[in-house]
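**Student:** Pasting in a structure now, in structure tokens, and then I'll have a few things to ask.
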């Protein structure tokens, strides 16, 4: 027994640690070999159809752990998506400073210009060819490297969708250039920056100037958040700011909460199913991510429909369920429930019985074949008493006269 337990623990340990892959790439841009670590989601090798956003972390030696921890915690509660983290090693010698080098004009130069092109032309293509990725990219850095990530915003079509800038040391003219560029960029951009109240004054003054320049940018595609972490130093702000940054970027990704249900959904006059559709459509539009609607969210919308007796919307919910879970009982259940609530029991019985050839769902009200058949049996002796007319949309007065 002890031997089996030891082997099990060893397998689990190896599985956990195998999710980090140490890699190197021979860079023509940098004329050297660069090392980086790829942190893969825990189910990456098992869920072979799933694709993931990319998070590029500069100063990877010390920023990988806090980013990885935040994402694992958030994903445990389904609050944050799983991601592929690419952590670039830079903390040896003068590497991180050389990688961020700029000239007197405030533009990348020498090694900094080469490192800029290395990420865009070599590293990202390598990652996207080797791993299963979605077209949503985040980049993050701290002080020197945080200032560097802003250079990608100087392009008309930035290669990153989201930026996490922690206590950035800004290049000359960056306070004004960034605001000018952000006002013109048409693609959706998420921009987060944070400083500590006890950080170096020169750093904080520069960031506050940048903040004042960009806080009122009239660009609907630009999402921005700025935090001053109280009593935080140059280094202690990092683990406090990272969760704020990630949750800011993925605001709206979270499943429907009880507060959202009570304050935003159940209070609607109509459009409960449309609320669900809009939620996931917006995720795809803003994040470029395809997220399958959660079963718990279907349950929440169903509850709102039943509470407000908006039974016709069950048909729309059924169609949306069939689109996203075509092989399961879910769509059949909502269509059958519609017929049942409308008093069309024969149709409901027929629909419930369709579950026999569908896959069961255990995560939401135990939608099993036995459950569906029992619902059909309960309706066998009921006579139809259709309420369709009662729930029909009112006919405009002009049409009635005609």
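**Student:** Just checking, does the stretch 382-393 include any residue being touching a strand residue (DSSP E or B) at 6+ places or on another chain (Cβ under 6 Å), modelled with pLDDT under 95 and farther than 24 Å from residue 271 by Cβ?
**Tutor:** Looking through the stretch 382-393, none of the residues is touching a strand residue (DSSP E or B) at 6+ places or on another chain (Cβ under 6 Å), modelled with pLDDT under 95 and farther than 24 Å from residue 271 by Cβ.
**Student:** Here is a further query. For residue 245, state whether it is in contact with a helix residue (DSSP H, G or I) (Cβ under 6 Å, 6 or more places away or on another chain) and either within 24 Å of residue 137 (Cβ to Cβ) or buried (at least 16 other Cβ atoms within 10 Å of the Cβ) (or both).
**Tutor:** In short, no.
**Student:** Give me the residue from the stretch 30-63 that is part of a loop (DSSP other than H, G, I, E, B) and in contact with a helix residue (DSSP H, G or I) (Cβ under 6 Å, 6 or more places away or on another chain) and, out of that set, farthest from residue 140 (Cα to Cα).
**Tutor:** 30
**Student:** Then there's this: Can you find, within the stretch 194-216, the residue that is surrounded by the most Cβ atoms within 10 Å (Cβ to Cβ) among those that are touching a strand residue (DSSP E or B) at 6+ places or on another chain (Cβ under 6 Å) and farther than 13 Å from residue 147 by Cα?
**Tutor:** The residue in question is 196.
**Student:** In the stretch 257-295, which residues are in contact (Cβ under 8 Å) with a residue 24 or more places away in the chain, under 19 Å from residue 50 (Cβ atoms) and part of a helix (DSSP H, G or I)?
**Tutor:** 283, 287, 295, listed by residue number.
**Student:** Is it fair to say residue 226 is touching a strand residue (DSSP E or B) at 6+ places or on another chain (Cβ under 7 Å) and in a strand (DSSP E or B)?
**Tutor:** Against the criterion (touching a strand residue (DSSP E or B) at 6+ places or on another chain (Cβ under 7 Å) and in a strand (DSSP E or B)), residue 226 qualifies.
**Student:** Is it the case, given these coordinates, that residue 333 is touching a strand residue (DSSP E or B) at 6+ places or on another chain (Cβ under 6 Å), buried (at least 18 other Cβ atoms within 10 Å of the Cβ) and in a helix (DSSP H, G or I)?
**Tutor:** Criteria met by residue 333.
**Student:** Looking at the stretch 314-330, which of its residues are touching a residue at least 24 places away in the same chain (Cβ under 8 Å) and either surrounded by fewer than 19 Cβ atoms within 10 Å (Cβ to Cβ) or under 30 Å from residue 133 (Cβ atoms) (or both)?
**Tutor:** Once the filter is applied, which keeps residues that are touching a residue at least 24 places away in the same chain (Cβ under 8 Å) and either surrounded by fewer than 19 Cβ atoms within 10 Å (Cβ to Cβ) or under 30 Å from residue 133 (Cβ atoms) (or both), the stretch 314-330 yields 320, 324, 325, 327, 328, 330.
**Student:** Which members of the stretch 350-372 meet the condition of being in contact with a helix residue (DSSP H, G or I) (Cβ under 7 Å, 6 or more places away or on another chain), surrounded by fewer than 20 Cβ atoms within 10 Å (Cβ to Cβ) and free of Cβ contacts under 8 Å to residues at least 60 places away in the same chain?
**Tutor:** If the condition is that a residue be in contact with a helix residue (DSSP H, G or I) (Cβ under 7 Å, 6 or more places away or on another chain), surrounded by fewer than 20 Cβ atoms within 10 Å (Cβ to Cβ) and free of Cβ contacts under 8 Å to residues at least 60 places away in the same chain, then 353, 354, 356, 358, 360, 369 are the ones that fit.
**Student:** Take the residues in the stretch 68-86 that are assigned to a helix (DSSP H, G or I) and touching a strand residue (DSSP E or B) at 6+ places or on another chain (Cβ under 9 Å); name whichever of them is surrounded by the fewest Cβ atoms within 10 Å (Cβ to Cβ).
**Tutor:** 68
**Student:** Scanning the stretch 302-313 for residues that are assigned to a helix (DSSP H, G or I) and in contact (Cβ under 8 Å) with a residue 40 or more places away in the chain, which turns out surrounded by the fewest Cβ atoms within 10 Å (Cβ to Cβ)?
**Tutor:** Only one residue fits best here, namely 307.
**Student:** Looking at (1) within 16 Å of residue 142 (Cα to Cα); (2) free of Cβ contacts under 8 Å to residues at least 24 places away in the same chain, which is the only condition residue 87 fails?
**Tutor:** (2)
**Student:** Same structure, new question: Tell me whether the stretch 91-108 contains one or more residues that are in contact (Cβ under 8 Å) with a residue 40 or more places away in the chain, under 21 Å from the mean Cα position of the chain (by Cα) and in the same structural domain as residue 45 (by TED's automatic domain parsing).
**Tutor:** No, because not a single residue in the stretch 91-108 is in contact (Cβ under 8 Å) with a residue 40 or more places away in the chain, under 21 Å from the mean Cα position of the chain (by Cα) and in the same structural domain as residue 45 (by TED's automatic domain parsing).
**Student:** May I pose another question? Where residues in the stretch 105-136 are in contact with a helix residue (DSSP H, G or I) (Cβ under 7 Å, 6 or more places away or on another chain) and not in a helix (DSSP H, G or I), which of them is farthest from residue 183 (Cα to Cα)?
**Tutor:** 133
**Student:** Scan the stretch 297-307 and tell me whether some residue there is within 18 Å of residue 79 (Cα to Cα) and within 17 Å of the chain's Cα centre (by Cα).
**Tutor:** Yes.
The values are calculated or read from the model by the stated rules, or taken from the named source; none is laboratory data. Treat the numbers as computed from the prediction; the structure is a model and nothing was measured. Ideal geometry is used to build each Cβ from the backbone, glycine not excepted, and the neighbour counts take in all protein chains shown.
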